[in-house]
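Comments concern the structure below.
The values are calculated or read from the model by the stated rules, or taken from the named source; none is laboratory data. Predicted, not measured: the structure shown is a model, and the values here were computed from it. Glycine gets a Cβ as well: all are built from the backbone with ideal geometry, and neighbour counts include every protein chain shown. Protein only, heavy atoms only, side chains kept; ligands, DNA and RNA dropped before computing areas. Shrake-Rupley method; radii C 1.70, N 1.55, O 1.52, S 1.80 Å.
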Amino acid sequence: MTFPITDESPVRFAGPLPEACDVVVVGGGIIGVMTAWYLAAQGQKVVLCEKGRIAGEQSSRNWGWVRQQGRDFGELPIAMEALRIWADLSEKLPQLGFRRKGVLYAGRDEAKIAVFESWLARARGFGIDSRMLTANATRELVGSTVWKGALFTPSDGMAEPWAAVPALAGVLAETATIREACAVRALDIAGGRIAGVVTEHGRIRAGRVVVAGGAWSSLLLRAHGVKIPQLSVLASVARTEPVEVAYEGGLSDTEFSYRRRADGGLSLAGGSHNFHIGPDAFRHFLAYLQTLRSDWRATHFRPFAPKGYPDAWGTPRRWPEGAPSPFEAIRILNPPPHLPTLNRAAAGYARAFPKAGKLRLATTWAGMIDTMPDIVPVVDHAPIPGLTIATGMAGHGFGIGPGMGRVVADLVQGRDTGHDLSRFRFARFTDGSPIVQGPTL
């Protein structure tokens with residue numbers, strides 16, 4: 001599998017669709033793949049439908065961090081479980097590229113250090129091995145003097161996204177049906193409950209459906225009257241040429257973030273967020289106001305979402321059930337990266353590590369991160385019986401994916417998930433509850 005994955009990439013999974021199954025999973029990112037993984041392991045007949053390619057969008061375009069550090073406290077127990085699952089999976093699938101090298105958040109001033117300490121004070125109760133580092137300890141670990149201190153979690157890890165998710169799908173295909181280039185045009189609803197899905201290749205009968213469509217989830221749900229305030233954020237990343245580093249883990253700073261890659265280079269990103277302005281951005285502006293205020297300097301707005309994108313002005317919000325849908329118009333979101341953000345990140349890295357010289361960017365790319373106003377997902381049953389939503393992972397999906405997939409699989413079957421999911425409930429945006437944003441480290 002080559003990267004980036006585009007709609008020109010070969011279709012790996014093209015077998016016939018069954019007429020019926022127990023559960024249809026919509027979306028071939030890591031959340032969809034791992035949900036199907038655990039459903040199949042529990043004896044369910046599962047069909048996973050992906051409109052483009054497995055991991056074609058954000059699941060292969062992210063930083064590759066598998067972290068507990070800095071998580072919302074509703075997510076943290078699931079992230080800790082996910083880390084254990086990553087370690088177990090990697091023993092049989094070394095191609096995942098999983099390794100524990102730690103994650104470090106570096107602070108340039110006392111105010112940032114105080115934010116880290118506040119998170120750590122509460123996180124200790126979860127049994128995590130995070131700790132604060134002094135300025136000297138930070139310098140000894142990473143080889144730079146620009147930081148006053150850092151929050152460090154040595155047990156955190158990383159993996160190679162573009163290789164890991166397709167590898168997991170390859171194993172899943174032994175126990176479940178995966179179909180790429182197979183858009184779900186509509187949910188099939190009969191008698192007020194889920195009866196299956198209508199795909200571009202035909203109808204599949206199923207009593208349960210999971211929507212894990214990433215940036216496209218809200219568009220599909222809205223067509224059936226299920227409304228969530230989901231938007232998408234452009235996230236740009238670069239791959240550098242091989243470079244020597246003192247610290248082999250993941251490092252995040254206000255100016256740049258990096259992760260050591262298996263190929264010897266770095267995955268490098270900046271700290272800014274780019275929102276496209278479309279109908280949903282206007283519709284949900286007030287819901288996002290608190291989030292925008294808390295991180296205003298790092299937020300940039302692009303005038304219009306590109307044609308065909310989920311929140312583009314011309315993208316249909318409704319379409320005839322049997323007609324081609326917006327999901328077929330763009331198989332894979334492959335937005336151009338925001339080069340000024342990456343150039344600023346490279347310059348920030350050079351200032352922090354002046355002896356390293358100028359970084360050479362070998363490849364740049366971008367993805368669209370599905371997010372919610374409080375920066376945590378919706379993981380819950382929808383108002384339509386038989387429908388489960390797992391979306392809005394806010395850039396956390398890759399690392400938390402194995403744990404969240406297990407949770408969603410149990411949720412679908414009415415089993416005890418082992419975690420308190422009230423933070424992720426669907427109704428929090430409709431019952432008048434205040435929007436509570438989690439930690440912003």
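Structure summary
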item: Where trypsin sites (Lys or Arg not before Pro) fall in DSSP loop in the range 172-238, at most 16 other Cβ within 10 Å; result: K227
item: D (Stokes-Einstein, µm²/s), Kirkwood Cα radius, the chain, 0.890 mPa s at 25 °C; result: 112 µm²/s
item: With Cα atoms, 0 to 90° folded angle of helix 161-172 axis to the chain main axis; result: 40 degrees
item: Cα centre as origin, Lys/Arg/Asp/Glu Cβ charges: the chain dipole, Debye; result: 600 debye
item: Solvent-accessible heavy-atom area per residue, rounded to whole Å², over the range 63-183 at 1.4 Å; result: 39 Å²
item: The range 287-441: Rg to Rh, with Rh as the Kirkwood radius over Cα pairs; result: 1.02
item: Over the range 1-115, relative contact order from alpha-carbon pairs under 8 Å, at least 6 apart, %; result: 21 percent
item: Reduced Cα scattering model of the range 151-213, Debye log10 I(q)/I(0), q = 0.21, 0.22 Å⁻¹; result: -0.95, -1.00
item: Relative contact order (%) - criterion: Cα under 8 Å, at least six apart; region: the range 185-324; result: 20 percent
item: Whole-Å semi-axes of the range 114-173's equivalent ellipsoid (Cα gyration tensor); result: 32, 17, 8
item: Largest to smallest principal axis extent of the C-alpha atoms in the range 1-44, angstrom; result: 33, 22, 15
item: Cβ charges +1 (Lys, Arg) and -1 (Asp, Glu), total dipole of the range 334-441, debye; result: 800 debye
item: Largest-first ellipsoid semi-axes for the range 320-405, taking √(5λ) over the Cα gyration tensor eigenvalues, angstrom; result: 37, 19, 10
item: Heavy-atom accessible surface of the chain: percent carbon and sulfur, 1.4 Å; result: 53 percent
item: Additional length obtainable on full extension of the chain from F73 to T6, 0.36 nm per residue less Cα span; result: 20.6 nm
item: Positive minus negative residues near I178 (Lys, Arg vs Asp, Glu; Cβ under 14 Å); result: +2
item: Bins of 10 Å from zero: percent of alpha-carbon pairs in the range 163-247; result: 12, 33, 29, 15, 7, 3, 0
item: In Hz, Karplus ³J(HN,Hα) per residue of the range 146-158 (6.51, -1.76, 1.60; θ = phi - 60°; x = Gly, Pro); result: 7, 10, 7, x, 7, 9, 9, 10, x, 7, 5, x, 7
item: Accessible area expressed per residue, the range 350-441, with surrounding protein chains retained (probe 1.4 Å, Å²); result: 38 Å²
item: For the range 181-294, the spread of Cα positions along each principal axis, largest first, Å; result: 61, 36, 19
item: In degrees, nearest ten, helix 397-412 long axis to first principal axis of the chain (Cα); result: 30 degrees
item: Local net charge near A40, Cβ-Cβ under 10 Å (Lys/Arg +1, Asp/Glu -1); result: -1
item: Stretchable slack from W319 to L286, in nm (0.36 nm times residue separation minus alpha-carbon distance); result: 9.1 nm
item: Distribution of pairwise C-alpha distances over the range 29-71, 5 Å bins, in %; result: 6, 19, 22, 19, 17, 12, 5, 0
item: 222 nm mean residue ellipticity, helices alone, for the chain (DSSP H n ≥ 4; -39,500 (n - 2.57); rounded to 500); result: -8000 deg cm²/dmol
item: Counted charge near P229, where neighbours are those whose Cβ lies closer than 13 Å (Asp, Glu -1; Lys, Arg +1); result: 0
item: With Cα atoms, 0 to 90° folded angle of helix 76-92 axis to the chain main axis; result: 90 degrees
item: Pairwise label distance in nanometres, V436 with A137, each label 7 Å out on the Cα-Cβ vector; result: 3.0 nm
